[in-house]
């Protein structure tokens, strides 16, 4: 150590007595060993500069140098303390007087050195404004806690001497710096609790803000724009500035922005004709600029106005009425939370109090349900999580962030504000803007455990003082504990940690943070293993948590389901819903999710529910209605999860949904007569150019009704197919009459050669004939007329009825995607090469000479459905049955039917050609419900064969409907009871499968899906459910296999034997 001292003495000769020099060197060496590296040369150079070359000053300085240096070493930054004091002494008015003062009043030494060794910002204030030195040594100044009125009056006394605006603003800035010095030094000396420091900083902001407002009002706005008046122009308009955030809570720290919103009382004009909105916008701009502008004298306070409605996108100021309207309709949870801190800070304080009374019901709601409680907690918790995620993205060390890190200041504020929003409506003592006051009230009301309230209060004081000590060093908005160890040590010493400062500071810091985070998590906890909280779910971004919560509802794409649920609650990117809408959705969501999970395809159901909600708008009304009418919601989600076709119909025509709210709409089926009357009425009431569109609309409405009855279980499959067939019959009948009338007007009336009127009929074939239509079935038809001849205007009957038949095809086929039905004429004589329509004689000749065995099968399902049903229809059916049932099938005929069946099956199982196959990738063969092994064709061919065999003698079996034919064949003893039951059950099972396949896309799909997910959706549409014993797909496939095996066995038993 002696070597070090000799080296220092050699390089740095002090103008001090020898014993003082040695003591200083000893102190410096000890300090270096204690605190780590100190720049001894710089310190000694500053001491020498303080001593000067003046002998008289040297003598004065020698009297204080040792206590001065000891005090310097006790400051957070000894080198900065002595260096900055040296700089101050250099610019001070009387160095000798300062030394003598410190000699005569040694208790001031610590205060003076601390101001230079704790903060470069405070040092610069003193060095640039040496006169402020008088303030820091004046006990009357340093021991005083000033109110905002005191500060306002002090400023007013200084401002009253000047008229110039710039000069006034300079005075305000200088006053702010002077008061910041006083307040900061009091905080560093810890003469008061930290809440006194933040209170004084808030008072300072109030006083300076009021003066900036008055300068702007009186010297800028009034001369140029006049005085704003109310709407009646008989009284002044009122104006207030509302403090938010820390400013509103009397909690400003040294480098805080001040959060403000501005409000005025009335729309109207000034006495010079300027709109009040324009007047106040300009005034606010002046206030903001005056407070925030950085000059050589510094700035007053930075102003942040982003807490106003619509944040940065919103207008700078609103009227009271506009605020009320916004908060009632669009105020969000975060805005309720922010307004807890609101209080009037400048302008007309009484009017500002009116504003606070207006927002109270919005901020503190008296009655909260469980959904709202959880929404509050979820919103706050997720806001905090997003803040922390953003900091991590910015590569901020969360643990060191005093304001926003885990367990930091924001955790305390959010915990308190959460409890205020929950309980403040019932307990007015909680409606305080100040965090510590509210913590005391929460403790008093037993809404927070006493130990938790005390822990939060202690942590809040510790962390706020820590935040002040971080920011006071350079007056910068820093919130993190320094990364460099020497700077962290200086921070700890600012907080009065002198003995092992780093270790003890870190221990206290982590203890406070840990306790705060534990309490925050406890208060924000809304976990309930038996209940899903949608508010929590939609704000969740953890994929595993989303999978866990949504997977149990049957969603395959849980990320997309999560996105859609969030969209239903919050709106899309281009449209954000009001809190009222979101809250209503949160109430609906549990019921909605249950309904979606019950749908055959929950993903599709949710996708179309979202599309429907987007199409109809009026979210709040529809969400409320769904809560009140669960049956309508169940029907809607069932349809949306069962059929793309029906769901698309709904989105295209959302008014279809209104039919769900009519109780009788899905309760009973309609008769054929009712449908015919409705179709004819539509044609009678619709202009010709809109007829087809009207008919198509009618068809879609009816398809929607029929499908809905089937999906919700109000109609079995036979009833559904009969209604679909009757609908097609009614529409075709109505359209035929209109076309016939139009053609008769143009071409005359068809007549036979003896001028007897000639009539026309439409013959339904296939499933249409059997009243067995599916949702996507074509209409197999043939046309017949009584006899050849000419119309009354000379057109051959053959041409007339060909025109009529083709026009029926064309009009029902439609164009531009407006198809009503597709008519298929290929079952007519000679198929696609034959005439469109034939007279009775033509059919007789064809059946006598050219018809094949498959046509006898087809004719078992013939039925007259339009035109001259009674006369011509009966004549045709006599000819058809005479051919069909004239003689029993021979063994060769049966063999031909079996061969035809085998050919159809081979075609059904043939692997489809595709690019993939040609490229070498194999494709799975498909299972065809209609024509595949044991499919519907097995049953239809078996029944038709038996009809052809026994119908020659027993006319009761001559019926077009398959299920009815099975019953008739059983009644005459052809089928045993076992065969009847098996054929009927197998037929209905396979038809239900076919229906469930086709209802999805409204296309003729007969192949089972190969994708397991799609198979599960199909099984669910058929009513299957997962069980512990058998998964849903296996349960369906087992039944499918059982019935196709039964069908094939019966087919072989009936025909092949």
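No lab work stands behind these numbers, since they all come straight from the coordinates. All of these numbers come straight from a predicted model, not from anything done at the bench. Ideal geometry is used to build each Cβ from the backbone, glycine not excepted, and the neighbour counts take in all protein chains shown.
Please state, rounded to one decimal and in Å, the Kirkwood hydrodynamic radius that the stretch 187-363 gives when every pair of distinct Cα atoms enters the mean of 1/r.
16.8 Å is the Kirkwood radius here.
Against the longest principal axis of the chain, how steep is helix 691-711, in degrees 0 to 90 to the nearest 10, with axes from Cα atoms?
It works out to around 80 degrees.
Could I get the Rg over Rh figure for the stretch 490-590? Both from C-alpha atoms, Rh via Kirkwood, rounded to two places.
For the stretch 490-590, the value is 1.25.
Beyond 15 Å, how much of the Cα-Cα pair distribution for the stretch 559-616 remains, as a whole percent?
48 percent
Any chance you could give the angle, 0 to 90 degrees and rounded to 10, that helix 435-444 forms with the longest Cα principal axis of the chain?
Approximately 70 degrees, to the nearest ten.
Quick one: Cα centre-to-centre distance for the stretch 828-882 and the stretch 12-45, in angstrom?
Taking the Cα centre of the stretch 12-45 as reference, the centre of the stretch 828-882 is 124 Å away.
Starting from the eigenvalues of the Cα gyration tensor, five times each then square-rooted, give me the equivalent ellipsoid semi-axes of the stretch 260-313, largest first, whole Å.
25, 16, 7
Report the extension gain between residue 503 and residue 1037 in nm, rounded to one decimal, defined as 0.36 nm multiplied by the number of residues separating them, less their alpha carbon distance.
185.2 nm
Between residue 629 and residue 310, how many nm apart are label points set 7 Å from Cα along the C-beta direction?
It is 3.5 nm.
How far apart, in nanometres, would the label points at residue 1011 and residue 396 be if each is projected 7 angstrom from Cα along the Cα-to-Cβ direction?
4.4 nm
Quick one: in the stretch 534-661, what % of C-alpha pairs are over 20 Å apart?
Percentage above 20 Å: 39.
Taking the Cα atoms of the stretch 317-440 alone, what are Rg (to one decimal) and Dmax (as a whole number) in Å?
Considering the stretch 317-440 through its Cα atoms, Rg and Dmax are 15.9, 46 Å.
Taking other Cβ within 10 Å of each residue's Cβ, how do 371, 315, 639 sort, fewest first?
315, 371, 639
Tell me, what does the Kirkwood hydrodynamic radius of the stretch 2-117 come to in angstroms if you use every pair of distinct C-alpha atoms?
Hydrodynamic radius (Kirkwood, Cα pairs) of the stretch 2-117 is 14.1 Å.
Find the centroid of the Cα atoms in the stretch 595-656 and in the stretch 710-772, then give the distance between the two in whole Å.
Centre-to-centre distance over Cα atoms comes out at 34 Å.
Give the order of 469, 72 when sorted by the count of other beta carbons within 10 angstrom, beginning with the fewest.
If I rank by nearby Cβ atoms, fewest first, I get 469, 72.
P(r) for the stretch 424-489, please, calculated from all Cα pair distances in 10 Å bins and given in %.
Histogram of Cα-Cα distances, whole percents per bin: 20, 35, 23, 19, 4, 0.
Express the C-alpha Rg of the stretch 381-532 as a ratio against the empirical globular expectation 2.2 N^0.38 Å, rounded to two decimals.
So the stretch 381-532 has a normalised radius of gyration of 1.12.
Counting residues in the stretch 95-204 as N, plug N into 2.2 N^0.38 Å and put the Cα Rg over that result.
The value comes to 1.12.
Quick check: the angle from helix 55-73's long axis to the longest principal axis of the chain, C-alpha only, nearest 10 degrees?
40 degrees
Measure out, as a whole number of angstrom, how far apart the alpha-carbon centroids of the stretch 310-331 and the stretch 474-550 sit.
Each part reduced to its Cα centre gives a spacing of 33 Å.
Provide the FRET efficiency to the nearest 0.05 for the residue 971-residue 652 pair, computing r from the beta carbons and using R0 = 30 Å.
For residue 971 and residue 652, the calculated efficiency is 0.05.
Once the Cα gyration tensor of the stretch 704-835 is diagonalised, what are the square roots of 5 times its eigenvalues, in whole Å and ordered largest first, as equivalent ellipsoid semi-axes?
Equivalent ellipsoid of the stretch 704-835: 32, 15, 13 Å, largest first.
Starting from the eigenvalues of the Cα gyration tensor, five times each then square-rooted, give me the equivalent ellipsoid semi-axes of the chain, largest first, whole Å.
Square roots of five times the eigenvalues give 94, 34, 22 Å.
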